[in-house]
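Every read-out reported here was derived from the displayed coordinates using simple, explicitly stated rules and does not represent laboratory data. Treat the numbers as computed from the prediction; the structure is a model and nothing was measured. So basically every Cβ, Gly included, is an ideal-geometry build from the backbone, and we count neighbours across all protein chains shown.
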Amino acid sequence: MSAPLRRRRCTGEDARARRRQAVAYLETAKLVTSDGSLPAEYDYNHVAAGVAVLAAIAASDALCCRLLGERSRGQDHRDAVDLLTTVRFGDGTPAVQAKRARDLGTALATVLDFKDEAHYGTTLLGPAQVRRLIKGADKLVSAAVAVVR
Amino acid sequence: MKAIAEGDVRAARSERRGSAWCPAEARRLLAASKDDRLYALSALAIALAIGRRKGEAGRCQLIFESGVNTLVSISKVSYCPGMDLSEPGRGLAGGLTMPILRALAGRSSPATAAQLTRVADVGTEAGVRRALERLAAHGVCWSEDVGGRLVYTLNYDHLLYDAVAALLDVDRELPRRLKNTLADWDPAPVSAVLFGSAARRDGDVDSDVDLLLIRPPLRTEARKREWVRQVHELRAAVHRWTGNRLQVLDWSSLVLRRHERSDEPLVASLLDDGVSVAGPRLASLLERSA
């Protein structure tokens with residue numbers, strides 16, 4: 001059962017709004033990303049990382065709102081990941097669906113590990129880290145686009 | 001226009017039933033009119049006249065491109081309500097059952113009737129609760145008292161679970177069939193996008209199935225005829241699959257770019273909600289042609 005203080009109720013319309021935001025954030029992150037070979041471009045990679053984190057969170061919210069009617073709130077990353085792993089969708093047996101949800105939870109956990117650094121840190125994130133973040137966000141946004149119509 | 005329509009109806013009655021009219025025949029019948037609107041009205045009058053004679057609804061679609069290529073597909077379909085595009089399984093399990101099963105199948109954790117009502121987004125909590133009790137009575141879902149509140153989970157081991165999963169999967173069968181059918185087309189579409197209520201899954205039994213086709217250059221009469229025949233057969237196929245009517249937007253790449261540049265709202269809707277069923281995604285196609 002949900003812990004009311006950590007969760008916020010949301011509707012299908014909320015899910016669609018968060019899905020649209022997730023797509024927009026991800027497209028922006030990809031646009032801003034440079035190949036990172038020049039130190040001067042590290043600022044932009046850092047921005048791309050911050051935006052990719054927002055894309056991942058929005059996509060996770062979209063999935064949870066659509067399938068569970070609630071989303072995680074606040075700063076509890078663990079709760080957000082745990083909640084996401086309870087969604088079920090797509091082809092395959094319940095076991096396949098469960099693995100799919102766990103994979104999404106892992107992607108979200110990876111992205112959230114960088115959240116504080118990407119949004120508030122002073123150590124610039126490098127191109128390899130940004131690529132990992134965008135890959136994780138891409139996975140979540142693709143799932144949100146497939147599920148939330 | 002009236003004289004053209006009546007003469008054409010007499011000619012039409014001698015045609016084979018349900019056959020697609022090839023462009024050459026259509027152009028011959030409509031050649032008297034140089035006015036674009038009369039082209040459209042004449043074709044429509046032909047189709048409706050056929051329909052009235054048969055007691056069925058007639059349909060026709062007329063496609064223009066700069067007055068150079070005129071492609072006409074006239075098909076005859078019997079009108080009857082089709083599949084509920086928002087929840088196709090309702091054809092077999094009506095009312096709240098399918099939305100509730102979908103809400104249960106969308107989660108691994110137990111949920112209250114209130115939570116399931118919110119996710120299913122249909123009916124009242126009392127109605128959902130009654131439906132859940134029926135499902136629980138048949139063992140299709142489990143109910144458990146947790147802290148004084150009843151919570152429900154789907155029973156994946158039930159004999160009916162595979163049937164439930166199949167019914168829930170039906171909404172993805174239409175894009176799959178379109179994809180498989182269009183993969184065999186020659187000439188193949190440059191791109192094809194399912195859009196509207198069929199893509200958003202918010203239609204009903206009266207909703208059309210909307211499909212955008214970006215046609216390739218059709219440089220010979222034979223290729224044009226084959227394209228029209230394919231579209232006509234697809235229309236009939238979708239009607240067999242769903243009972244719903246297929247509405248085709250048949251555009252060239254040039255027309256697509258023109259609509260995109262003029263900020264046509266439909267293009268935004270296609271990009272936002274569309275489900276790609278052939279060729280590259282529309283966004284990629286537009287990027288390439290920019």
note = When A:Lys99, A:Lys30, A:Lys115 are arranged by how many other beta-carbons sit within 10 Å of their Cβ, fewest first, they go A:Lys99, A:Lys30, A:Lys115
note = Once phi for every residue in segment B:126-140 is put through the Karplus expression 6.51 cos²θ - 1.76 cosθ + 1.60 (θ = phi - 60°), the whole-Hz ³J(HN,Hα) values, with Gly and Pro written as x, are 5, x, 5, 4, 5, 5, 5, 5, 5, 4, 5, 5, 8, x, 5
note = In nanometres, the difference between 0.36 nm per residue of separation and the alpha-carbon distance of B:Arg229 and B:Ser269 is 11.6 nm
note = With the charge dipole of chain A built from beta-carbon charges (+1 for Lys and Arg, -1 for Asp and Glu) about the Cα centre, the Cα from A:Val145, A:Gln75, A:Tyr25 projecting farthest to the positive end belongs to A:Val145
message = Under 5 Å between amide hydrogens, which residues at least 5 positions from B:Ser191 or on another chain qualify, with H placed 1.01 Å from N in the peptide plane?
response = B:Ile214
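For B:Leu159 and B:Arg130, calculate 0.36 nm times their separation in residues minus their Cα-Cα distance, and state this gained length in nm to one decimal. Working shown, then result.
Values: separation 29, 0.36 × 29 = 10.44 nm, distance 2.18 nm.
Going from the current span to full extension adds 8.3 nm.
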ask   = In whole Å, what is the distance between the alpha-carbon centres of segment B:148-164 and segment A:110-149?
value = 35
query = Once phi is turned into θ = phi - 60°, what whole-Hz ³J(HN,Hα) does the Karplus curve with 6.51, -1.76 and 1.60 give for every residue of segment A:47-64, x standing for Gly and Pro?
reply = 5, 4, 4, x, 6, 5, 4, 5, 4, 5, 5, 4, 5, 4, 4, 4, 5, 5
ask   = At a Förster radius of 45 Å, what calculated FRET efficiency corresponds to the Cβ-Cβ distance of A:Arg9 and B:Asp184, to the nearest 0.05?
value = 0.45
task = Compute the distance in nm between two label points, each set 7 Å from the Cα along the Cα-to-Cβ direction, one at B:Asp121 and one at B:Ala283.
result = 2.1
note = From fewest to most C-beta neighbours within 10 Å, the residues A:Cys64, A:Cys10 line up as A:Cys10, A:Cys64
ask   = Could you give the nm distance between label points at A:Asp43 and A:Glu27, where each point is 7 Å from its Cα heading toward the beta carbon?
value = 2.6
inquiry  = As a footprinting exposure proxy, order A:Val47, B:Val238 by other Cβ within 10 Å, with the fewest listed first.
reply    = A:Val47, B:Val238
